[in-house]
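Reviewing the structure listed below.
Laboratory data are not the source of any read-out in this text; all were calculated from the coordinates shown. Please read all numbers here as calculations on a predicted model, not as lab measurements. Quick reminder, even Gly has a Cβ in these numbers, built from the backbone with ideal geometry, and neighbours come from all protein chains shown.
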Amino acid sequence: MAQEVKEAVITEYPKAAKIPWLLLVVVLVLSISIGVAWNTLIPSSIWVFYNPGSVDCAEEFAVLPFIMILLSIPIYKLANRKIGGETLTYLYVIAIFGSYTSLGYGAFRLPAGLIAQRWLNPETISPLIPEIMAPPRAIAEQLINGGVPIPWGNWLPVIIYYWLLLSFFEFYMLSIGTIWSRQWIQVEQIPFPQTLAVHEIYEQASTKKSLKPYFLGIALGFIFQFIVYLIMVFPWFPDIYGWRVNTNCYGASWIDNTSPLYGIVALAQYSKNPSLAALFYMAPLNTLLTSVICNIFLFVATQVAYSAGYYTDLMNMPGCGRAECGTSSLRWGAPFKWVVVTNIGGGLGIVLMYLFLQRRYLANAFKSILGGAEAEDQKVTRMAFMVTFASYFMVVALLIVAGLGPASALLMPVMVWVLFFAAMFVYGRTGYNALGFGTYGLYWLRIIWPQLPERTDTNFALTAILARQPGSDDLGQGWGGSLAASFASYKFANLTKTSFRNVYYVMLFAAILMPPIWWLTLLSIGYSQGMANMPFYSSTTFVGDISYAANPASTWSGTSPEVTSGGPWIPNMVAGILIVWTLTLLHARYPGFPLDPYGFLMTFTARAFSEGIWVMITIAWILKIVTLRIGGSKAYERLGLPVATGFLLGYALAILLGGVISAIRFFIPF
């Protein structure tokens, strides 16, 4: 962290080469259209795990980049052409943006969720939704039933509105990522484990080192995940992992009251998903150690609190309930109220502290818009600042046009950035989206509504729904994903020595072209086949009511922390800010201080409880310690890292094969 507070030294970007625009257009159109079709053909029971975008809930494992890079290398070799690092970088940019904006299961929450209100809540929420966000009910239902020509006159305003809103929000977020890219990627060298794993495909294809560790990892990852697919899809396949018993879709299990361990109050969920261990293995040791220590504290402190009369309801719940259900859960229960401490206070605290520590870098970056030196990185930063400001005001205008009040429209882009920027501190180091998954970024609504309305109007309903869905949930809904994709793209570009300016142009290009391709594909499938006839239908927001987000009394809305936590929440939020500030300053002031704020945040967030990641964190920490103690950094680079990244490639291949088999089963049932 000491390195992180130093002023960055300007580094010359590699000379910009010509961008292969025609190739990128073809790849983008094919990947998005095929990806959307793939989604519709996946059975709803496995949609979270086998879609081509981001899978496994908060792991947000991006599948398409692995597939894209893996297929590109042999295709070029068959054509007797050598694929360079720059071309691979541009393909990676297309793939990572597709994964996080168009092809994950989250991409179907909006606009599908708002469109579905036309038939799910025709008398309540539906009248509050303008026709630029959802066509009239008679038109909307055609998408479900199909069998009629597409009425483009009714759909065109909807397509254009979402196209503009998503594209400009992506411009805004990816441009902010561009402003911080030099500091995060070149100075702090944040690892971004998922990006490292994709780049390792290119490294292994061009290396003369032994490929045995990498192939071993591929085999392990593929075998594990493909067996999971067989267990989930075919009832006759033996459940050798116990996946059908007390196991959630993302691979976390729980114990029931017949277990001798049931008396351990904080034992809610435990992960059985080793891909998490592979990701965490690439995380910094300090972060892993911090999380291990914090998890020990969690188990001990919760048991002590239980003895003092807290968390008593947890003894009547299975692990899933212990993690997330009610005001006594590990998430919300007094005295700790960990979600308020970490997801709310910790996220806000780490952003504020980072801006303070990096105030000189930000000031120097801001000077780039005033002229001066003409280095390429300064030109990119200047353009990014201008695009950030312009796209911010465009987003505000589009939100006001939809029916949001000026205060809501002005604050939403800012607070969306705060939440997902905070999430990047953990995601960038561990590959896990602990902070930005689960709708805990809505506390800012209380600035506008100190007392939540008893009766919703258009302003509150749309503000709450937009803030609850793309504004504070998973990366796969686009807004937060574009920030993650920008950092990941620059990380890949830094590894391949590709011009950051070119990468920025390709990201803008992807943000413009992806939304209309998504819409054209979805409408074509819906009107030809009928969404209700597709395997994925029952798990989508076409049938899932999202109006709870506009209900202040709902504990799942995120708008009322005092309802969810059963009482005052501001003290816990302030405590979270102070804890993060203290850990950050100690880590910055004393290089040998073993704890960092990122491991703390990763441990006590909502998804950490629900997904039981403490098991895989501990395994990854032990494996990394053993590797470094026995063989040092050479063993880590030549053995540990290839096995870990190979495991993730094998994991992605199993997801690809599972998707192909599911598509075949739709046309040829077996």
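Based on the Kirkwood radius over alpha-carbon pairs, what is the Stokes-Einstein translational diffusion coefficient of the range 443-592 at 20 °C with 1.002 mPa s viscosity, in µm²/s? Intermediate values should be presented prior to the final figure.
Working: Rh = 19.7 Å.
In µm²/s, the coefficient is 109.
For the ranges 245-258, 92-105, 424-437, what's the packing order if you count other beta-carbon atoms within 10 Å of each residue, average per peptide, and put the highest first? Present the calculation step by step, with values, prior to reporting the outcome.
Details: 245-258: 17.1, 92-105: 30.6, 424-437: 28.3.
Order by mean packing, descending: 92-105, 424-437, 245-258.
Can you give the calculated 222 nm mean residue ellipticity of the chain, where each DSSP H run of n ≥ 4 adds -39,500 (n - 2.57) and the sum is split over every residue, rounded to the nearest 500 deg cm²/dmol? Please list the in-between numbers first.
Numbers: 26 runs with 398 residues, N = 670.
Helix contribution divided over all residues of the chain: -19500 deg cm²/dmol.
Any idea what the dipole of the chain comes to, in debye rounded to 20, about its Cα centre with Lys/Arg Cβ at +1 and Asp/Glu Cβ at -1? Could the numbers behind the result be given before it?
Values: 37 positive and 30 negative charges, 325 e Å.
Here the size comes out at about 1560 debye.
Please rank Thr540, Thr287, fewest neighbouring Cβ atoms within 10 Å first, as an exposure proxy. Please list the in-between numbers first.
Numbers: Thr540 20, Thr287 25.
Listing Thr540, Thr287 from fewest to most nearby Cβ atoms yields Thr540, Thr287.
Distance between the C-alpha centers of the range 155-184 and the range 323-379? Whole Å please.
20
Under the definition of Cα pairs under 8 Å and six or more residues apart, what whole-number percent is the relative contact order of the chain? Write down the numbers at each step before the final one.
On the way: 1171 pairs, mean separation 218.4, N = 670.
Normalised by residue count, the contact order of the chain is 33 percent.
So how do Phe108, Phe366 line up by other beta-carbon neighbours within 10 Å, fewest first?
The fewest-first ordering by Cβ neighbours comes to Phe366, Phe108.
Going through the cross-link list Lys77/Lys212; Lys208/Lys624; Lys208/Lys634, which pairs have a Cα-Cα distance over 19 Å in this structure? Before the final figure, lay out the partial values.
Details: Lys77/Lys212 22 Å; Lys208/Lys624 24 Å; Lys208/Lys634 16 Å.
Long pairs (Cα-Cα over 19 Å): Lys77/Lys212; Lys208/Lys624.
Seen from all sides and averaged, what is the projected area of the convex hull of the Cα atoms in the range 202-357, in nm²?
Computed as one quarter of the Cα hull surface, the answer is 13.9 nm².
Under 20 Å between alpha carbons, and skipping anything fewer than 8 positions from Lys367 in its own chain: which lysines qualify?
Straight-distance partners of Lys367: Lys6, Lys379.
Order the peptides 313-325, 192-204, 527-539 from the highest to the lowest mean number of other Cβ atoms within 10 Å of their residues.
192-204, 313-325, 527-539
Considering the options Ser328, Gly242, Leu289, tell which one lies farthest towards the positive end of the dipole of the range 233-363, charges being +1 on Lys and Arg and -1 on Asp and Glu at the Cβ, about the Cα centre.
The residue sitting most towards the positive pole is Leu289.
What residues of the range 609-636 lie in the reach of a label at Ala219, counting those whose backbone N is under 20 Å from a point 7 Å from the Cα along Cα→Cβ?
Within reach of a label on Ala219, which here means backbone N under 20 Å from a point 7 Å along Cα→Cβ, the range 609-636 contributes nothing.
Can you pull the one-decimal nm distance between simple spin-label points at Ile75 and Ser307, each 7 Å off the Cα toward Cβ?
Reported label-point gap for Ile75 and Ser307 is 6.2 nm.
Based on the alpha carbon coordinates of the chain, what radius of gyration and maximum Cα-Cα distance (Dmax) apply, in Å?
When restricted to Cα atoms, the chain yields Rg and Dmax of 23.8, 71 Å.
For the chain, with the dipole built from +1 on Lys and Arg beta-carbon atoms and -1 on Asp and Glu ones, taken about the Cα centre, which of Leu41, Leu411, Leu352 lies farthest toward the positive end?
Final value for the positive-end residue is Leu352.
In Å³ and rounded to a whole number, note down the convex hull volume per residue for the Cα atoms of the range 455-543. Walk me through the intermediate numbers first.
Numbers: hull volume 13.8 nm³, N = 89.
Dividing the Cα hull volume of the range 455-543 by its residues yields 155 Å³.
Each residue of the range 606-612 in turn: what ³J(HN,Hα) in whole Hz from Karplus with 6.51, -1.76, 1.60 and θ = phi - 60°, glycine and Pro shown as x?
4, 5, 4, 5, 5, 9, x
Charges only on Cβ, +1 for Lys and Arg, -1 for Asp and Glu: so what's the dipole of the range 109-237 about the Cα centre, in debye to the nearest 20? Don't jump to the answer; show the numbers that get you there.
On the way: 7 positive and 7 negative charges, 77 e Å.
Here the size comes out at about 360 debye.
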